[in-house]
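Sharing a structure below in structure tokens format, with a few things to ask.
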Amino acid sequence: MSQNWIQHTLRRRRWRPQNQAAALATLGVIIALIIGVLYLSQVSSNATTGRQLADLIAERNELQSMNEQLRAEIAELRSVPRLLARARELGFVPAGQDQIEYLVIEGYNPHRDETVAPLQDEEPQLPVYDESFGGWLQQQLDNLRAQFEGFSNAGE
Amino acid sequence: MQRQAANNTTSPQQEMLRQRLPVVIVVLLIISTILILRLFTFQWLPPEVARDFQLRRDANYQRTIRVTSERGIIYDRNGEPLAVNTFQYGIGASPNLISNPRDVATQLAALLNRSELEIYHQLTSEASWVSIARPVSAEVGQEVARLQQTVRGITREPIPRRFYPQGTLAAHILGFVAGDPQDYRGYNGVEGYYQQQLAGRVRNQDVSTIPFDLPQDIPESDRGSDLVLTLDRDIQFLIETELQLAITQTGATGGTIIVMDPRNGDILAMASYPSFDPNTYFEVTDETVFRNPAISEVYEPGSVMKVVTVASALELGVITPDWTYNDQGFIDIGGIRIENAERRAYGVVDTAQVLVNSLNVGAATIAQEMGWEDFYRMLARFGFGQPTRVDLQGEEAGILKTPYDDDWSESDLGTNSFGQGISVTPLQMITAFAAIANDGLMMQPRVVYQIVDGSDVYTTQPTALTRVVSKRTADIVTEMMVRTVNESLENAQLPGYAVAGKTGTAEISSPLGYERDASIASFIGFLPADAPQVVVLVKLDRPTGYWGSVVAAPVFRRIAERLVILMEIPPDDVRLAIQSQGGVVEEVNR
């Protein structure tokens, strides 16, 4: 009995290194595949973010230039000749010295600094981070969906 | 047995292979070793070779673009924008991306007001990109942007442009911006003087062509600094309107008006005629119009200089307010005869009468008693013959001859005392008067109040240059100037306010001597005389009225009438009443 067991073990032992190598190779391929998928996912996520960022920068620049344009238009509309003409249209006339009355108000300083109430800080909306496997999977799916949406939008 | 024998014997080909194979292996090994060694040597390339390789690599992966940042905005002291940035646009198209050129040409022609056929020819050309219109206004650019949402292949390139929303207002102070949009540069005024601060940083930026790389943004710090001027837009508009009116009424060929706060040197307004529109500077044919006469054109000031002569002599103790002399209507100095403007003798007169009656003989007598050394020392102390160092581009120093100059003669001592034979800029003259108004303390004239660089705000502090005369002397001279206005210049009086001032009527020198029937008429005054808040200089070139008291003084009064309202300066009796009750009406904000 014991002799059979030894022979059986020796017979198995002859095949074991091959099995180990095959297992290692398979494992290597699987790991390489996972790394590859992760890498591709990250790169495509980066590319999508880059496109979104570029779009946002372009939009911001456009808004800034529109803002500058509006600022110029407002300044032009507020120029003295326009204001003067508009005031005259509304029936105003320049005040003469004899039409001005100076009043003394105790404790009032007309040259005081303007005080502005400080703005209340808004609660910043932080993105939700989920470190679970399910969260990671959902994030990847969202990224993938966003990429497809990006591609389909670009194609339109 | 036979098969075994056959296996033991080798064929000649096999034998040859057995012999040559090691040789082939060795040769291949040697070649591989050489290649590997060569590969290693690439890690230690000479710098110039390595740089060449890097350039070749970068050329494939990135391109360099020139990025410009926004130029700083210029505001007046109340935050009204005087110079802003706008955009025009260059419209182009990539013909191979346009699927329906006929429709696109129709739409673009309507927007750009161009021939539809021409645009159609451009859109069907073989070129990879064509320029269709450049520059077009911002409004048209926005319309094209809307068209871009439905039509592919149309490009829209923003072209930055400097815009002066107030038009010609304060053109000489602002200057203008010219040059290629990629390399704008300010000329004259604050645009020129503060070019370095206003200009946004221009940088060459490497942009990756790899789509996976994140785009780079322009740093906010590259934007130019904003400037807040001491200028008051409303006062500037007032003096420009009054200057234009005076030019029309008197037929003067040019003129300058400056309004200054004597307490801190703030230039509240500065206008000259002729002027220009900085938005259309390129349409100006005579480039001399770009120069600001207030700081870069010199003139002989005439009788306003008598105030400086009297103040200097009083300060040095050469004369007192009670000093008198016998005016015979003329005096001979250095071989020339100096006469009073009215060609008559005034008899025994005191110091104040020299200003009230504007006596050339009196001023020359005082200068003679001072002596040339003290006289020119005091003129230099008042800032003549040297620039005020105001923060504007193109300032001149004026011409002050002294006994150390070859072309000076003794007669200059006499003529300089009443403002002939000496050349000054209007800014020098008003700065000297502002010193008297400010109790004898001369302040550095300034145009820029703040430089705003992002969140950093740099505020310029008022700078005292020197004490030209004592407070006592300044008070005495101010009192004499008030008498001058009250007794001989009805045109300059302002009801309810004590005004100190002096007229000047200077002959115009030419290479052939002084011109006949042509003058530079001026008036410099300040108010309220006991606590001056504003100094005004009015100067008109070649007016038909000739005399400063006739043409310049009324302009001063019209300006002063509006200034007291704009600057909220109550009449003297009201102001004194307010002060007696503890009120504040003359606080210097800056």
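The values are calculated or read from the model by the stated rules, or taken from the named source; none is laboratory data. It should be emphasised that the depicted structure is a prediction, and the values quoted were computed from it without experimental measurement. For neighbour counting, all protein chains shown are included, and Cβ atoms are generated from backbone atoms with ideal geometry for every residue, glycine included.
Here's the yes/no breakdown for (1) within 19 Å of B:PRO387 (Cβ to Cβ); (2) aromatic (Phe, Trp, Tyr); (3) free of Cβ contacts under 8 Å to residues at least 60 places away in the same chain:
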residue: B:ILE422; (1), (2), (3): yes, no, no
residue: B:THR431; (1), (2), (3): yes, no, no
residue: B:MET443; (1), (2), (3): yes, no, no
residue: B:ILE451; (1), (2), (3): no, no, no
residue: B:TYR458; (1), (2), (3): no, yes, yes
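Between a first residue in the range B:335-346 that is free of Cβ contacts under 8 Å to residues at least 60 places away in the same chain and a second residue that is of a type in the set (D, E, K, R), which pairs have beta carbons less than 7 Å apart while being 6 or more apart in sequence or on different chains?
B:ALA345/B:ASP327; B:TYR346/B:ASP327
Exactly one of (1) without any contact (Cβ under 8 Å) to a residue 24 or more places away in the chain; (2) within 15 Å of B:THR150 (Cα to Cα) is unmet by B:GLU116. Its number?
(2)
Quick check on A:ALA75: is it part of a helix (DSSP H, G or I), at pLDDT 90 or above and facing another protein chain (nearest Cβ under 8 Å)? Full working, then the answer.
Numbers: part of a helix (DSSP H, G or I): yes; at pLDDT 90 or above: yes; facing another protein chain (nearest Cβ under 8 Å): yes.
It is true that A:ALA75 is part of a helix (DSSP H, G or I), at pLDDT 90 or above and facing another protein chain (nearest Cβ under 8 Å).
Okay, next question. If you check B:GLU490, B:GLU507, which single one turns out to be farther than 17 Å from B:GLY302 by Cβ and either away from every other protein chain (no Cβ under 14 Å) or in contact with a Lys or Arg (Cβ under 8 Å, 6 or more places away or on another chain) (or both)?
B:GLU490
Does the range B:537-577 hold any residues that are surrounded by fewer than 19 Cβ atoms within 10 Å (Cβ to Cβ), under 28 Å from the mean Cα position of the chain (by Cα) and more than 14 Å from chain A (Cβ to nearest Cβ), and which are they?
Across the range B:537-577, the qualifying residue is only B:ARG542.
So if I check each of B:GLY440, B:GLY496, B:GLY398, which one is among the small types (Gly, Ala, Ser) and touching a Pro at 6+ places or on another chain (Cβ under 6 Å)? First the steps, then the outcome.
Details: B:GLY440 fails: touching a Pro at 6+ places or on another chain (Cβ under 6 Å); B:GLY398 fails: touching a Pro at 6+ places or on another chain (Cβ under 6 Å).
Checking each option against the conditions leaves just B:GLY496.
Is it true that some residue in the range B:76-90 is touching a strand residue (DSSP E or B) at 6+ places or on another chain (Cβ under 8 Å) and free of Cβ contacts under 8 Å to residues at least 60 places away in the same chain?
Of the residues in the range B:76-90, the ones touching a strand residue (DSSP E or B) at 6+ places or on another chain (Cβ under 8 Å) are B:76-77, B:79, B:81-90.
Next, from what is left, pick out any that are free of Cβ contacts under 8 Å to residues at least 60 places away in the same chain: none.
The answer is no, given that none of the residues of the range B:76-90 is touching a strand residue (DSSP E or B) at 6+ places or on another chain (Cβ under 8 Å) and free of Cβ contacts under 8 Å to residues at least 60 places away in the same chain.
Looking only at the range A:121-156, count how many residues are surrounded by fewer than 10 Cβ atoms within 10 Å (Cβ to Cβ), farther than 21 Å from A:ARG51 by Cα and at pLDDT below 70.
Pass one, the range A:121-156, residues surrounded by fewer than 10 Cβ atoms within 10 Å (Cβ to Cβ): A:121-129, A:131-134, A:152-156.
Subset that is farther than 21 Å from A:ARG51 by Cα: A:121-126, A:128-129, A:131-134.
Those left that are additionally at pLDDT below 70: A:121-126, A:128-129, A:131.
So the answer is 9.
Please pick out the residue among B:ARG102, B:ARG146 that is surrounded by fewer than 18 Cβ atoms within 10 Å (Cβ to Cβ) and under 23 Å from A:ALA58 (Cβ atoms).
Only one candidate qualifies: B:ARG146.
In addition: Keeping to the range B:130-189, report how many residues are assigned to a loop (DSSP other than H, G, I, E, B) and within 14 Å of chain A (Cβ to nearest Cβ).
Filtering the range B:130-189 for residues assigned to a loop (DSSP other than H, G, I, E, B) gives B:137, B:149-153, B:164-170, B:175, B:179-180, B:184, B:188.
After this cut, where a residue has to be within 14 Å of chain A (Cβ to nearest Cβ) as well, the list is B:137, B:149-152, B:164-170.
The total comes to 12.
For the range A:44-71, give me each residue that is at the interface with chain B (Cβ under 7 Å from one of its Cβ atoms), of a type in the set (D, E, K, R) and under 15 Å from B:PRO158 (Cβ atoms).
A:GLU68
Do the conditions hold for A:ALA87, that is, is it of a type in the set (Gly, Ala, Ser), over 25 Å from B:ARG71 (Cβ atoms) and more than 8 Å from chain B (Cβ to nearest Cβ)?
yes
Can you say whether A:SER41 is more than 8 Å from chain B (Cβ to nearest Cβ), surrounded by 14 or more Cβ atoms within 10 Å (Cβ to Cβ), within 22 Å of the chain's Cα centre (by Cα) and assigned to a helix (DSSP H, G or I), as far as the supplied structure shows?
Taking the combined requirement at face value, the residue satisfies it.
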